[in-house]
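Before any comments, here is the structure.
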Amino acid sequence: MDAPYIAVARTDAIPPGTFVKVLIENRPYIVANTDGHYYAVEDNCSHEDYPLSFGCLDGDRIKCSLHGSRFSLDTGEPLDEPAEDPIATYRLRVENGQIWIDPSSPANRAAPRE
Ligand code: FES
């Protein structure tokens, strides 16, 4: 796999309905498996800069454990208040059991974190 894709996890390390937190250049990301479909999103709630990895999956959504907003893992859009802004999503590929993500820019054009 060519740059900017980076290998982040093996598929067998993320069973359906679970996620892992990965660090790329000290920036945290969530790689989730929702029944065989993989997603990569930033590990940061858009409401109050709180780690989404403290939360849980709800189907193809991730729920923030602080105030309960859920975000689409596909689009990054918030589905509940109080969050109003999307989280960043990232392009992801799976090849021979290896998961790769492109952290170079958000796939949903959310503002990159500085
Ligand atoms: S910090 Fe996530 S919903 Fe408030």
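The values are calculated or read from the model by the stated rules, or taken from the named source; none is laboratory data. All values derive from a computational prediction rather than experimental measurement. All Cβ positions, glycine included, derive from the backbone under ideal geometry; neighbour counts span all protein chains shown. Keep in mind that these areas ignore ligands, DNA and RNA; they rest on the heavy atoms of the full protein, side chains included. Shrake-Rupley method; radii C 1.70, N 1.55, O 1.52, S 1.80 Å.
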(message) With a 10 Å cut-off between alpha carbons and a GNM built on the chain, which of ASP35, ASP60, ASP102 moves the most?
(response) ASP35
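Using a probe of 1.4 angstrom, how much of the accessible area of region 6-102 is carbon and sulfur, in percent? Before the final figure, lay out the partial values.
On the way: 2100 of 4920 Å².
On region 6-102, the fraction of accessible area on carbon and sulfur atoms equals 43 percent.
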(message) Can you tally the net charge around ILE62? Count Lys and Arg as +1, Asp and Glu as -1, for every other residue whose Cβ sits under 13 Å from the Cβ of ILE62.
(response) -3
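Subtracting the Cα-Cα distance from 0.36 nm times the residue separation, let me have the gained length for ASP58 to ASN26 in nm, one decimal. Before the final figure, lay out each step's value.
On the way: separation 32, 0.36 × 32 = 11.52 nm, distance 2.65 nm.
This chain segment gains 8.9 nm when fully extended.
Counting only trypsin sites (Lys or Arg not before Pro) that sit in a DSSP loop (anything but H, G, I, E, B) with at most 14 other Cβ atoms within 10 Å, what is the longest stretch of the chain containing none of them? All intermediate terms of the calculation are to be shown ahead of the outcome.
Values: sites that count: ARG109, ARG113.
Longest gap between qualifying sites, sites excluded: 1-108.
Lys and Arg at +1, Asp and Glu at -1: add these up for the other residues within a Cβ distance under 12 Å of SER72 and post the number.
Details: positive: ARG61, LYS63, ARG70; negative: ASP58, ASP60, ASP74, GLU77, ASP80.
Computed value for this residue: -2.
Could you compute the net charge surrounding ASP102? Neighbours are other residues with a C-beta less than 11 Å from the C-beta of ASP102; K and R count +1, D and E count -1. Kindly include the intermediate steps, with their values, before the conclusion.
Numbers: positive: ARG91, ARG93; negative: ASP2.
Local net charge: +1.
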(message) Percent of Cα-Cα pairs more than 20 Å apart in region 6-102, please.
(response) 28
(request) Please work out the average accessible area per residue across the chain, using the 1.4 Å probe convention, and give it in Å². (result) 54
(request) Using Cα pairs closer than 8 Å and at least 6 residues apart in sequence, work out the relative contact order for the chain, in percent. (result) 24
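Given a 1.4 Å probe and heavy atoms of the protein chains only, how would you sort PHE19, PHE54, PHE71, largest accessible area at the top?
Values: PHE19 50, PHE54 125, PHE71 0 Å².
In descending accessible area the options line up as PHE54, PHE19, PHE71.
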